[in-house]
Protein chains: 2
Amino acid sequence: MEASQQNLEGFTLTFGVAQAVGLLTVVLVTVWAGHYCGGFSWRSNPDTEFNWHPVLMTLGMIFLYANSILIYRAFRNSRKRRLKVAHMTLHVIAFILVVIALVAVFDSHNLKDPPIPNMYTLHSWIGLSSVILFACQWVAGFITFFFPGLQSPLRASYMPVHIFFGLGGFVGAVAAALMGLTEKALWKVTDYSHLPGEGVLVNLIGVFLVLFAGLVIYVATESRFKRQPLPEDEMLLTSGLE
Amino acid sequence: MEASQQNLEGFTLTFGVAQAVGLLTVVLVTVWAGHYCGGFSWRSNPDTEFNWHPVLMTLGMIFLYANSILIYRAFRNSRKRRLKVAHMTLHVIAFILVVIALVAVFDSHNLKDPPIPNMYTLHSWIGLSSVILFACQWVAGFITFFFPGLQSPLRASYMPVHIFFGLGGFVGAVAAALMGLTEKALWKVTDYSHLPGEGVLVNLIGVFLVLFAGLVIYVATESRFKRQPLPEDEMLLTSGLE
C-alpha cells in the first residue's frame, strides 16, 4: 500500500471538477450543434454533417484524450499493465471519433456546391498537426512500452518525450478548438458583436475548454499526484515480463 | 561553480532556437501589420492604430513575457536577486506594451463611425483574462518574493502556484493570439480560402507562435535545466537578508 502514503490532498476534488467541466463542455458543444446549428445528419446535408465535427472532436480529441492521460493518476491502485491497456484503448476510441470528425468536415466542404476549399485555415493546420502528433505518439508509445516493448533505458529516455508531446498534442487540440469556435462565431453567429445567446454560448464553451485544459494539465503534472509503482509492477519489471 | 556540474546538454541550442523563432514571429507580425495592413498610426486612423495591437501584444505579452520567464535559466550564474529585478523589470516593460496594445484596440473600435463593440469575441475574453492573470501574478510575486517579501514557508508554497499560473498566462496569451490571427484572417484577408500570400503569412505566424510556445515551455520546465542556487544565494537566504 505504498500509494496510500502519498499526500493526495486535493486530488479527488480537482479531478472531479475537471471531469465536471469537461463533461459540461461536451454537453454544451452538443447543445450548440444540435439546437443552434440544425442538428446532425450523415451525407444527406453538408451543413448538418459538419456538426459532428465539433462534437466528436471535443469528445475524442479533448475529453477522452485527457482522460486517457489521467488514467494512471485516477486509477493509481490498478496494475500498470492494465492501465497501459486502458490508456491505449481509450486513445483508440478517441482516434476513431477523431477520424469520423475529420470525415465530417471534409465531406461538409466537398459536398457543397461549389465545394469549400479544405485545409486553408490556421485552425485546420494546428488541428491536423495535433491529430498527426497524437497518432505518431500512439504508435511510438505502443512500440516502446507495449509490443514488442523496448529495453528499460530506451523506455526511460522516451518517457519524458512521450509525456511532453502527449500534453502538447492535448493543448494543441484545445488551441485548435478555440480557433474553430472563433471561426464558427464569425461565420455563423448572427449579430455576434452584440452577443446574442448563441454568441455567449460559443464564448462560454471556449472558457470551459480553457478551464478544463488548465485543470487537466495541473492534475497530470503535479508531482504530488504521480502514481507510485505498486509492488506488483516492480516484480514484473525486474523479472522482465513487462 | 555548482552550476557547471549540471547536465545542460542541449540547453544553448534549444534556447537559441526559441529566441530565433520568437524574434522571427515578432518580425513577421510587424511585416504583416506594416505591409499588408497599412502600417501604423496613433489616433488619426482607427484601422492603422489597430495595427499596434498585434505587434505590441506579440512583443510584450508573448516574446518579452517568455524571456522574463526564461531569465533564471538563461543567466543561471547571476545572483538570484539580480535575476529577480530583471524578471520584474522585463515584466513591467511587457505590461506597458500590453497596455498600449489594449488602448490601440479599444481606440480602433471606439473611434470608428459607427463604433465597433468591444469585448465580445472569445479572443477578447481569453486575452484580457490572460492580461489580468499576468498583472495579479506580478503583484503577488512582488509582495511574496521581493517587497516586503514573505517568510520562507509562504514563498515555498506560493512558488509552484506562481510558476503554474505564470506559464498558464503565457499559454493563454498564445491561444488568444491564435484566435486573434483567425479573426483577422476571416475578416480581412481577401480570398483567404485560396491562401493568398497574406493568408499564408497569417498561418505561418500562427505556426511559429505554437513552435515558440512549445520551445519556451520545454526550456522552462525541463528539470535538467533548472537553475541551481549559487553559494551567494544560500548565504543571503540563511542570513535572512534576501
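The values are calculated or read from the model by the stated rules, or taken from the named source; none is laboratory data. All of these numbers come straight from a predicted model, not from anything done at the bench. Don't worry about glycine lacking a Cβ; one is built from the backbone with ideal geometry, like all the others, and counts go over all protein chains shown. SASA here: full protein model, heavy atoms, side chains in, ligands and nucleic acids out. Shrake-Rupley method; radii C 1.70, N 1.55, O 1.52, S 1.80 Å.
Structural remarks
- Within 10 Å of each Cβ in A:212-219, the average number of Cβ atoms from other chains: 2
- Most mobile of B:Leu201, B:Leu122, B:Leu56 in a GNM of chain B (Cα contacts under 10 Å): B:Leu122
- Kirkwood analysis of the Cα pair distances in region B:121-184 returns a hydrodynamic radius of 12.6 Å.
- Under the Karplus curve 6.51 cos²θ - 1.76 cosθ + 1.60, θ = phi - 60°, whole-Hz ³J(HN,Hα) for region A:20-33, x wherever Gly or Pro sits: 4, 5, x, 4, 4, 4, 4, 4, 5, 5, 5, 4, 4, 5
- Residue among A:Pro229, B:Ala135, B:Phe75 farthest towards the positive dipole end of the protein assembly as shown, charges placed on Cβ: A:Pro229
- Where N is the number of residues in region B:1-143, Cα Rg divided by 2.2 N^0.38 Å: 1.25
- In the distance distribution for region A:1-74, Cα-Cα pairs more than 21 Å apart total 43 percent.
- Plainly put, the tip 7 Å out from Cα toward Cβ on B:Thr190 is 3.1 nm from that tip on each other copy, the closest given first.
- Basic side chains Lys and Arg get +1 at the Cβ, acidic Asp and Glu get -1 at the Cβ, and with that the dipole of region A:7-239 about its Cα centre reaches some 840 debye.
- Dividing the helix sum by the residues of the protein assembly as shown, where each DSSP H run of 4 or more adds -39500 (n - 2.57), gives a mean residue ellipticity at 222 nm of -23000 deg cm²/dmol.
- With label points defined 7 Å past Cα in the direction of Cβ, position A:Leu111 shows copy-to-copy spacings of 4.8 nm, given to one decimal and shortest first.
- In chain B, lysine pairs with alpha-carbon atoms under 19 angstrom apart (chain gap of 8 or more, or interchain): 4
- The distance separating the Cα centre of region B:106-177 from that of region A:50-120 comes to 31 Å.
- Most positive-pole-ward Cα, A:Ser108, A:Gly38, A:Thr25, against dipole of chain A from beta carbon charges: A:Thr25
- Note, ³J(HN,Hα) from phi for region A:130-144, Karplus 6.51, -1.76, 1.60, rounded to Hz, x at Gly and Pro: 5, 5, 5, 4, 4, 5, 4, 5, 4, 5, 5, x, 4, 5, 6
- Label distances, nm, B:Ile100 versus same residue in remaining copies, Cβ-directed 7 Å point: 5.2
- Counting Cβ atoms of other protein chains within 10 Å of each Cβ in A:181-190 and taking the mean gives 4.
- Here the Karplus curve 6.51 cos²θ - 1.76 cosθ + 1.60, taken at θ = phi - 60°, turns the phi angles of region B:52-67 into couplings of 5, 4, x, 5, 6, 5, 5, 5, x, 7, 10, 6, 6, 4, 4, 5 Hz, with x standing for Gly and Pro.
- Once the C-beta distance of A:Leu195 and B:Leu150 is scaled by a Förster radius of 51 Å, the resulting FRET efficiency is 0.80 to the nearest 0.05.
- Ratio of Rg to Rh over the protein assembly as shown (Cα coordinates, Kirkwood Rh, two decimals): 0.98
- Treating each Cα of region B:9-239 as one equal point scatterer and applying the Debye formula with no solvent, the log10 of I(q)/I(0) at q = 0.08, 0.18 Å⁻¹ comes out as -0.33, -1.35.
- Stokes-Einstein D for region A:78-208, Kirkwood Rh over Cα pairs, 25 °C, 0.890 mPa s (µm²/s): 143
- Accessible surface buried at the A:B interface totals approximately 2400 Å², computed with a 1.4 Å probe on protein heavy atoms.
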